[in-house]
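Here the structure is laid out as structure tokens; the discussion comes afterwards.
The values are calculated or read from the model by the stated rules, or taken from the named source; none is laboratory data. All values reported here derive from a predicted model rather than from experimental measurement. Every residue, glycine as well, gets a Cβ built from its backbone with ideal geometry; the counts of neighbours run over all protein chains shown. Note: accessible area is taken over every heavy atom of the protein model, side chains too, but ligands, DNA and RNA are not part of it. Shrake-Rupley method; radii C 1.70, N 1.55, O 1.52, S 1.80 Å.
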Amino acid sequence: MSNANGEAIAALDFLTNEWLAFGNRLPEFIAAADREERCPLLPLMAANLVLSMHSAEGHHAARQYLARARALARDGADANDRERAWLAATEAWVDGDTNRSLDRLDHLTIHWPRDLLAGKLGQLHAFNRGDARALLRFGERLFDSGRDNRFVHAMYAFGLVENHRLDEAEGIAQYALTLARDDPWAHHVIAHCFEARGRLVEGEAFLAAMSDTWERCNSFMYTHNWWHLALFLIDLERADEALALYDRRVWGVWKEFCEDQINAVSLLARLELRGLDVGDRWSDLASYLKPRLHEHYSPFLDLQYLYGLARAGERSAVTEMLASLEERAETAKPFEREAWGDCAVPMAHGLAAHAVGNHAEAASLLGRAMPHVQSIGGSIAQRALFGAIHLDALMRSGWNDAAIALLQADERERPTVPWTKRSLGALYRRVGRTERATLAELEAGQLAAKYRTWSPG
């Protein structure tokens, strides 16, 4: 760190621990960065922290912090090599070029593999692009060079989860808990492992046992781990309890924060897909989504904002956001064209159609988007929402064969979910009735043809 006194070093150590622990004291670092007058790395880290909020306010603040960092570093002249790499990564993110930012963070972790914040932000960019290989690559680097640090185990394990290496991921995350029982990211990784295998009772019990440690977490980690617990409750056919968690734990901690908003959208949608009436909760949520119509920091976020607005009946807002999404897709950089053009635009129109009951249209549009869904970012478990809405559209519009294929695949992966078995049974009966009716119609037609050719002579 250039021009760093003991206070600046302590502030950066505090940030590293608080960020990786998903603590709720991050504003204390922002205050330290605001006071800093010599060390460029503090305002640089503040810029990245507020950028991770994915909001207009965060991007505006990031530009100010970046300008301060440049001034303190005299545009890099007074910075060391690592700080210049951080400058380049931050400048790229501020400019919206996350591809270049990811490349600079790759460079950082190759040369300074114990820079945990570089690894964390590299994983964040990879996550936002659905790049599972990069997510794992950053985790491997941190793990290979710093497994004496308690945080790197869960970071590595999450990369393994997103690459379907569940046994390894669970083992490493469980080991992380022997180092620190209160590691919420390790809890989160284990929740993903249990959810992916349909270990529902075990998953609900595990998260409930760990939930006492989440009170010190920031709103994202607090609401998101409770969201994971709610998913287990839904699959265990305890939807009323999941809705109670929505009211008490998932929605209302920081309603202005994007991550809290998408946790809420996703949970309400999943509850409705299982037949639960969520009342007027969409209306409250929509009032916080309306300011985001033109942000477009992430297609993964945008699509959930749009669905929340559509379920709340905000038709004019949905129309405006659809047009804005199409404009965003037209200006997409080469590395993001699949995410915005091939996935986000048809997905958005499909979600809007599903929200108002146009299921055949939704099935067609969502079917176009689903082969590209990984490119929009998010985790496998989070993206499953779009698959669930697509499946619902298929079932409601009578696309039986396609729906059965999806349900059979889920049954193979998660054979413990009662709803999947019931849905398969209902579709098999529907197909059977259709086949019997078709056969009866065919036989009746053949009999009629015989009588038309028969003459009494």
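Highlighted here are the helices (runs of 4 or more DSSP H) found entirely within the stretch 30-131 that include at least 1 residues which are at negative phi and more than 27 Å from the chain's Cα centre (by Cα): 41-51, 56-72, 81-94, 98-111. Taken over the stretch 63-78, residues that are free of Cβ contacts under 8 Å to residues at least 60 places away in the same chain and either of a type outside the set (D, E, K, R) or in contact with an Asp or Glu (Cβ under 8 Å, 6 or more places away or on another chain) (or both) amount to 8.
Exactly one residue among 344, 348, 355 is farther than 16 Å from residue 298 by Cα and small (Gly, Ala, Ser), and that residue is 355. Of all residues being modelled with pLDDT of 90 or more and out of contact with any helix residue (DSSP H, G or I) (no Cβ under 9 Å at 6 or more places or on another chain) in the stretch 414-444, which is least open to solvent (accessible area, probe 1.4 Å)? Just the residue, please. Ranking the candidates gives 425 first.
The rows are residues; the columns are (1) closer than 27 Å to residue 216 by Cα; (2) modelled with pLDDT under 95; (3) in contact with a Gly (Cβ under 9 Å, 6 or more places away or on another chain); (4) open to solvent by 40 Å² or more (accessible area, probe 1.4 Å).
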{"site": "11", "(1), (2), (3), (4)": "yes, no, no, no"}
{"site": "34", "(1), (2), (3), (4)": "yes, no, no, yes"}
{"site": "53", "(1), (2), (3), (4)": "yes, no, no, yes"}
{"site": "60", "(1), (2), (3), (4)": "no, no, no, yes"}
{"site": "64", "(1), (2), (3), (4)": "no, no, no, yes"}
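Annotation: residue 104 fulfils all but one of (1) farther than 22 Å from residue 25 by Cβ; (2) surrounded by fewer than 17 Cβ atoms within 10 Å (Cβ to Cβ); the unmet one is (2). When the residues of the stretch 8-26 are filtered to those that are under 24 Å from the mean Cα position of the chain (by Cα) and part of a helix (DSSP H, G or I), the one that is nearest to residue 61 (Cα to Cα) is 26. When restricted to residues that are more than 22 Å from residue 210 (Cα to Cα) and open to solvent by 10 Å² or more (accessible area, probe 1.4 Å), the stretch 135-179 contains 13.
Among the residues making up the stretch 325-336, those that are within 16 Å of residue 100 (Cβ to Cβ) and in contact with a helix residue (DSSP H, G or I) (Cβ under 8 Å, 6 or more places away or on another chain) are 332, 333, 335, 336.
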